[in-house]
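**Q** Here it is, the structure in full.
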Amino acid sequence: MPTSETTARDLPTLHAFFAPGGILANSPLPYEYRPGQLEMARAVERALDEKRHLIVEAGTGTGKTLAYLLPALRTAFETGRRVIISTGTKALQDQLFFRDVPFLESLLGPLRVCYMKGRANYLCRHKLITLTAHPILSGLEEIDQYHQIAEWEKTTETGDRSELSGLPEVSQLWAKLDARSEACLGSTCPDYGRCFVTEMRRRAQEADIVIVNHHLFFADLAVRQQAGGAPDAGVLPEAGAVIFDEAHELEEVASSYFGISVSNLRFEDLVRDSEAMLKKGDGYASGPNTAVLVSGQQLRDRARMFFAQLPIAGDGRQPFDGREEFLEMRGDLYLGVKNTLIRLEAELDQLRGVDEAPGLRKRVGNLRTELEFLMESNSSNTVYWLERRMSGGLQKQSRVTFLQATPIDVSGILDAQLFQTFPTVVMTSATLTVQGSFEHIRGRLGLADGGGSGNGAARELVVPSHFKYDTQALLYLPPEMPDPRAPDFAEVAARCIQQVLGITRGRAFCLFTSYNQMRDLYERLLPVLDYPILLHGSAPRNVLLEQFRETPNAVLFGTASFWQGVDVQGEALSCVIIDKLPFAVPNDPVVAARMRFIEDAGGKPFYEYQVPSAVIALKQGFGRLIRSLEDRGVLVLLDPRIRQKSYGRAFLESLPPYRVTTSITDVGLFFE
């Protein structure tokens, strides 16, 4: 594990490390000189030195993690400027901290690197002590989890729940004990000195490199924005640069954290926690306690009526275009919730000697402010929408309704809060260009006009993949496929998939653009396939991936989350089949709002937004196949529009140089 020991020494130059005969060549790692890796490392170091922004598309196999880690370390050592590295997935965050950094330490000596997660990943010792003194547990499952956590707390050094392998992924008890900020007592907490979050912050302040994920980074950035840029508002330490790996995800993650979401579950949790707080004291005595209790009960009832009357039909995401009409017809319900929140906030302010009261009062105030924005604001750059979905573990699932507001265009926000704030922002991914151009990603993220630190336009670099796609991969476009909107598409797709899997002997990912399409094809193929089939949703993703790796000739049917961040090397994955070009659903409220925004500005939303976004998504999906120089396999796209429509050219010209065929015979010959 990386150490936090202080070391004062010079790190090797990039040439001395990456070049033939250099440090990397003489390491235990299987070595092959990659000119693109050294070129990227030099570009990153130059951007850090000159305080410029940089966008790098680094093809799979470039070795990009080392290409930005060493320049980041050299910059931190030489200038004292800390660098934050943010990843899109926890898997890559773990790879950096538990594999790449220890490898560098084996060659370079101890490094000061810190790993940070969101507060909900850490145990709150004060909550555990309070629960131990006043146990309020629900059922044998929570009692068993409590004993696990209490014993673990005595020995853990980090308080990171990932150490609790026996704790269910969705634990109701953990949600009562984690260190999320809305219930935090801060420096007034009697256990502040032993706090795991406090310790995490201390390690980060001493580190040269801090490794986070996009969700934590943008949650922190949003908190700082709300606090007017106060340096102590967030969890992350000050830094001179940030490097985003898997940067193709930035727009969606930033949109969620600069938006607002209020659910009926937040109201239920708030009232539950206020009642639990009172039970720890003198019970429901007269005075302030009774007032809090009564207001909490009223809030629960009024919130339930409010959410029950929201105009949402069934599950899924729907626009909330009729807010004004709703307020005219049901404004009394909204005002009832709002006024009860105001009263509860005032009553919590009257409580004395209750540790949890300030945290609860802050939660009530935040909830009131967010609800007011959702119901009363008229921001032209915001889309308001509703969503209903299942939440909780398999044993305790319930429907949750969300009232949400999302920025339509985050480019201005990112320019002000990110590119104007950090002297250097490096964005890298294997999938950032469309037809060789960064124009789409620049526009979506706010770098269209060279934006950023004022030191000139952001630089660009495309590093071709180290892989030999023309010999390692074959792209098969079946000539007999009908349009995906045709009624016989699923029937013909099932026959084609069965034929291809017969040649590949399973060993495939079948990736779908919708859950319904996946279920349909799964049910059609289950009776006729002779290979083990794994279905997305039947188990956690990591479990399904492990089963796929361990099961000979397996076939995995998956949707969105399997299109990226999945790495299966070797013959176990020899085929990736994709049903349709992955266009965003046009009637999704956020997608529809963004398309209207582009159209109102005189643009063409299909070509400027939907096609480029789909190109990047397709590149991600196909990128699951070739993960090493030894991998070989076939890619199959069942959507004939890539050949028949004029926009299909954008997809074909953006993909790596695969050999393309429309002959199933070529697929058989490839595997022979």
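The values are calculated or read from the model by the stated rules, or taken from the named source; none is laboratory data. Just so you know, these numbers come straight off a predicted model, no measurement behind them. Cβ sites come from the backbone with ideal geometry, for glycine too, and all protein chains shown count toward neighbours.
**Q** Please work out if Ala650 is of a type outside the set (Val, Ile, Thr), in contact (Cβ under 8 Å) with a residue 24 or more places away in the chain and more than 23 Å from Leu521 (Cβ to Cβ).
**A** So Ala650 fits the description; yes.
**Q** Tally the residues that are crowded, with 19+ Cβ neighbours inside 10 Å and acidic (Asp, Glu), restricting the search to region 576-607.
**A** Going through region 576-607 one residue at a time, the tally reaches 1.
**Q** Still on this structure, please answer the following. For region 109-136, give me the residue count where each residue is surrounded by fewer than 18 Cβ atoms within 10 Å (Cβ to Cβ), in a helix (DSSP H, G or I) and touching a residue at least 60 places away in the same chain (Cβ under 8 Å).
**A** Here the count works out to 3.
**Q** Right, here's the next one. Condition (residue is among the aromatic types (Phe, Trp, Tyr), farther than 27 Å from Ala219 by Cα and modelled with pLDDT of 90 or more) applied to region 5-23: is it met by at least one residue?
**A** Yes, some residue in region 5-23 is among the aromatic types (Phe, Trp, Tyr), farther than 27 Å from Ala219 by Cα and modelled with pLDDT of 90 or more.
**Q** Which condition does Tyr647 not pass, out of (1) aromatic (Phe, Trp, Tyr); (2) surrounded by fewer than 21 Cβ atoms within 10 Å (Cβ to Cβ); (3) within 24 Å of the chain's Cα centre (by Cα), if it passes all the others?
**A** The failed condition is (3).
**Q** Within region 565-579, is there a residue that is assigned by TED's automatic domain parsing to the domain that holds Val615, closer than 27 Å to Val170 by Cβ and not β-branched (Val, Ile, Thr)?
**A** yes
**Q** Against the definition (in contact with a Gly (Cβ under 8 Å, 6 or more places away or on another chain) and buried (at least 23 other Cβ atoms within 10 Å of the Cβ)), how does Leu637 come out, yes or no?
**A** no
Residues are listed down the side, and each one gets a yes or a no for (1) closer than 22 Å to Gln226 by Cβ; (2) surrounded by 18 or more Cβ atoms within 10 Å (Cβ to Cβ); (3) small (Gly, Ala, Ser):
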position: Phe306; (1), (2), (3): no, yes, no
position: Asp315; (1), (2), (3): no, no, no
position: Phe320; (1), (2), (3): no, yes, no
position: Ile342; (1), (2), (3): yes, no, no
position: Val354; (1), (2), (3): no, no, no
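**Q** A follow-up question, please. Could you list all residues from region 407-438 that are acidic (Asp, Glu) and either under 18 Å from Met595 (Cβ atoms) or modelled with pLDDT of 95 or more (or both)?
**A** Asp409
**Q** Out of everything in region 198-234 that is surrounded by 18 or more Cβ atoms within 10 Å (Cβ to Cβ) and of a type in the set (Gly, Ala, Ser), what residue ends up being modelled with the highest pLDDT?
**A** Taking the candidates together, the pick is Ala207.
**Q** Got a number for residues in region 540-573 being over 23 Å from the mean Cα position of the chain (by Cα), part of a loop (DSSP other than H, G, I, E, B) and crowded, with 21+ Cβ neighbours inside 10 Å?
**A** Number satisfying all stated conditions: 1.
**Q** Suppose we filter Phe548, Phe562 for residues that are aromatic (Phe, Trp, Tyr) and either touching a residue at least 40 places away in the same chain (Cβ under 8 Å) or under 27 Å from Phe402 (Cβ atoms) (or both); which single one remains?
**A** Checking each option against the conditions leaves just Phe562.
**Q** Can Leu140 be described as of a type in the set (A, V, I, L, M) and farther than 17 Å from Lys117 by Cβ?
**A** yes
**Q** Looking only at residues that are part of a helix (DSSP H, G or I) and of a type in the set (Phe, Trp, Tyr) in region 475-516, which one is modelled with the highest pLDDT?
**A** Step by step, filter region 475-516, then rank; the result is Phe489.
**Q** Can you tell me which residue is surrounded by the most Cβ atoms within 10 Å (Cβ to Cβ) among those in region 504-525 that are more than 15 Å from Gly558 (Cβ to Cβ) and free of Cβ contacts under 8 Å to residues at least 40 places away in the same chain?
**A** Arg524
Yes or no, residue by residue, for (1) in contact (Cβ under 8 Å) with a residue 40 or more places away in the chain; (2) farther than 12 Å from Ile578 by Cα; (3) out of contact with any Asp or Glu (no Cβ under 6 Å at 6 or more places or on another chain); (4) in a helix (DSSP H, G or I):
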site: Val615; (1), (2), (3), (4): yes, yes, yes, yes
site: Gln620; (1), (2), (3), (4): yes, no, yes, yes
site: Ile626; (1), (2), (3), (4): yes, yes, yes, no
site: Leu635; (1), (2), (3), (4): yes, no, yes, no
site: Val660; (1), (2), (3), (4): yes, yes, yes, no
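**Q** Taking helices (runs of 4 or more DSSP H) that do not extend beyond region 19-105, which have at least 3 residues that are free of Cβ contacts under 8 Å to residues at least 40 places away in the same chain and crowded, with 22+ Cβ neighbours inside 10 Å?
**A** Counting at least 3 such residues, we get no helices (runs of 4 or more DSSP H) at all.
**Q** Hey, among the residues in region 166-197 that are without any contact (Cβ under 8 Å) to a residue 40 or more places away in the chain and surrounded by 18 or more Cβ atoms within 10 Å (Cβ to Cβ), which one's nearest to Gly565 (Cα to Cα)?
**A** Ranking the qualifying residues of region 166-197, first place goes to Trp174.
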